[in-house]
1. Of all residues in the stretch 1-30, which are surrounded by 15 or more Cβ atoms within 10 Å (Cβ to Cβ) and of a type in the set (Gly, Ala, Ser)?
2. Please determine, by comparing only the residues of the stretch 281-303 that are surrounded by 23 or more Cβ atoms within 10 Å (Cβ to Cβ) and over 21 Å from residue 463 (Cβ atoms), which one is farthest from ligand 1 (Cβ to nearest atom).
3. On the basis of being assigned to a loop (DSSP other than H, G, I, E, B) and either crowded, with 18+ Cβ neighbours inside 10 Å or among the hydroxyl-bearing types (Ser, Thr, Tyr) (or both), does residue 44 make the cut?
4. Which ranges mark the strands (runs of 3 or more DSSP E) fully within the stretch 181-280 that have 2 or more residues being within 16 Å of ligand 1 (Cβ to nearest atom) and in contact with a helix residue (DSSP H, G or I) (Cβ under 8 Å, 6 or more places away or on another chain)?
5. Among the residues of the stretch 171-190, are any surrounded by fewer than 16 Cβ atoms within 10 Å (Cβ to Cβ), at pLDDT 95 or above and not polar (S, T, N, Q)?
6. How many of the residues making up the stretch 311-335 are more than 16 Å from ligand 1 (Cβ to nearest atom) and buried (at least 24 other Cβ atoms within 10 Å of the Cβ)?
7. Hey, can you tell me all the residues within the stretch 371-398 that are among the aliphatic types (A, V, I, L, M), part of a helix (DSSP H, G or I) and within 16 Å of ligand 3 (Cβ to nearest atom)?
8. Residue 243 fails exactly one of the following numbered conditions: (1) within 16 Å of ligand 3 (Cβ to nearest atom); (2) under 25 Å from residue 145 (Cα atoms). What is the number of that condition?
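The values are calculated or read from the model by the stated rules, or taken from the named source; none is laboratory data. Just so it is clear, the structure is predicted and the values come from calculations on it, not from any experiment. Note that we place each Cβ from the backbone using ideal geometry, even for glycine, and neighbour counts take in every protein chain shown.
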Amino acid sequence: MEIRVIQGSITDISSDVLVVNLFEGVTVPGGATGAVDSALGGTISEMIASKELTGKLMETALIHTCGKIAPKRVLVVGLGKSGKFDIEAVHKVSAAAMRSLRQKGVRTVTSIIHGAGIGGLNTADAARAVVEGAITGLYEGDLYKTTGNEDGMIERFTVVEHDEAKIPAIQSGAREGEILGKAVNEARTLGNEPGNRMTPTILAERARDAAQLNGLEYEVLDKAQMEEMGMNGILCVASGSVQPPKLIILRYKAGADRPTLALVGKGLTFDSGGISIKPSEGMQKMKFDMCGGAAVIQALAVIAQLKPDINVTGIIPATENLSGGAAFKPGDVIKCMSGKTVEIISTDAEGRMILSDAITYAAKQGANYIVDIATLTGACVVALGNDITGLMTNNRELLNSLTSAASVAGERVWELPLTSEYLDMLKSTVADIKNCGSRWGGAIQAGLFLQEFVEGTPWVHMDIAGPAYTEDDCGNSYRAAGATGVGVGTMAQLAVKLAEQA
Ligand code: BES
Ligand code: MN
Ligand code: ZN
């Protein structure tokens, strides 16, 4: 889909559909929507009066214009309550609008920027969210359907603004939105690939492709190299699989005098639980256990294009977690790369094992900041549900930067406290630490475990077990079921923010 920004009057520019909007509870539309309403002789007002249009978030109504204005149809999309309006809402609204237009013979869409006028949002941020939403809204996860996905192509998306002074901000926002939208969709495709088509080797190849496309440095450590470096946290998890593990490394370089942000993403291409096997019901979802790794690959792709003045290293430990004669077992003691010994209580707490070595590697490479992102615990989903990423940290300042990056990106995050007393739950009688403790506070225990490996580096842990994928379209009129690409936007915006601060 081609993305354009043009200056002009929305009623004069031809397209198959023009997208305008409506806040909930508004009875007389103003702004661009008001202008369209007048040109159509009050159709929109009438639809509001008859309650066909209420302005509820992501509600859509399609109106034929019958030659009264240049666009053939007008799509009115609900913005929800004006008091709750933010970048996340703009993103959802734009995505829902485009999703509603699939398979309706629409080829060209024009849109105003939701929220930049009456919504009071920053123009460039709103433009970014409109374009990103348009791209992510059209995504489909039907990678292997052999029939039925050929139509519904929208070829061109044009942002229209009458105020010439706003055009430069809109252009730069739209460009960012295009980069982000495409990257998020790429991350979703990586996540949606089934386990048999997304092995550690294949994930490494896809990372190499992304590196080549975006001019990133690419390196991969194979099993022998990891053995040499004592990365037994990764190797123990990989021991039950015939697929060789990989440690994938991507580097964006801004300059030797600049600080380095390390992004560490869990790349578990399939998590059966290992010997501590998971219940079979729902186990297919564990193909999504590499979504943190996918988000890191695509965040690096975005960063390579936005070019912030900070070095960024992406580190993705990739392996399967299977059971078998060679698999690691509960009771085993593993010496991680850091030198710490870990007593395995559950082989299903494998994410922290592979992340421990990747974090040690990041710290030893001299990273100034470490952010890890992982589908780490079901407990985090119990705590925060499916829409919110759990954050844990050893550094308030970095957490604040990440939180504000998330709000710019339109992603939801919430901090969980790393209460040091809970570390007692991880005390082992034979080793330095156990890989899991009691049932309660599981997300925090996992965070405390990871903290043992950061060596004092400012660090934030993102637990995306909830938001990494959606199980169905569940009212999600704005996105397809499957991997969501969560984290790409937040990590990319964090790099931009840290570059400005440093
Ligand atoms: N990959 C899972 C976590 C997960 C759960 C992701 C649900 C997405 C949805 C992780 O490896 C895991 O199995 N965690 C265990 C930890 C436990 C054994 C301490 C869990 O959450 O049950
Ligand atoms: Mn597991
Ligand atoms: Zn896992």
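1. Residue satisfying the conditions is 15 alone.
2. 303
3. On the way: assigned to a loop (DSSP other than H, G, I, E, B): no; either crowded, with 18+ Cβ neighbours inside 10 Å or among the hydroxyl-bearing types (Ser, Thr, Tyr) (or both): yes.
Taking the combined requirement at face value, the residue does not satisfy it.
4. Numbers: elements: 217-221, 246-252, 260-265, 267-271.
Where strands (runs of 3 or more DSSP E) fall fully within the stretch 181-280 and carry at least 2 residues being within 16 Å of ligand 1 (Cβ to nearest atom) and in contact with a helix residue (DSSP H, G or I) (Cβ under 8 Å, 6 or more places away or on another chain), they are 260-265, 267-271.
5. no
6. At the first step, the residues of the stretch 311-335 found to be more than 16 Å from ligand 1 (Cβ to nearest atom) are 311-315, 324-326, 333, 335.
When the remaining residues are screened for being buried (at least 24 other Cβ atoms within 10 Å of the Cβ), the result is 312-315.
Going through the stretch 311-335 one residue at a time, the tally reaches 4.
7. 379, 381, 382
8. Unmet condition: (2).
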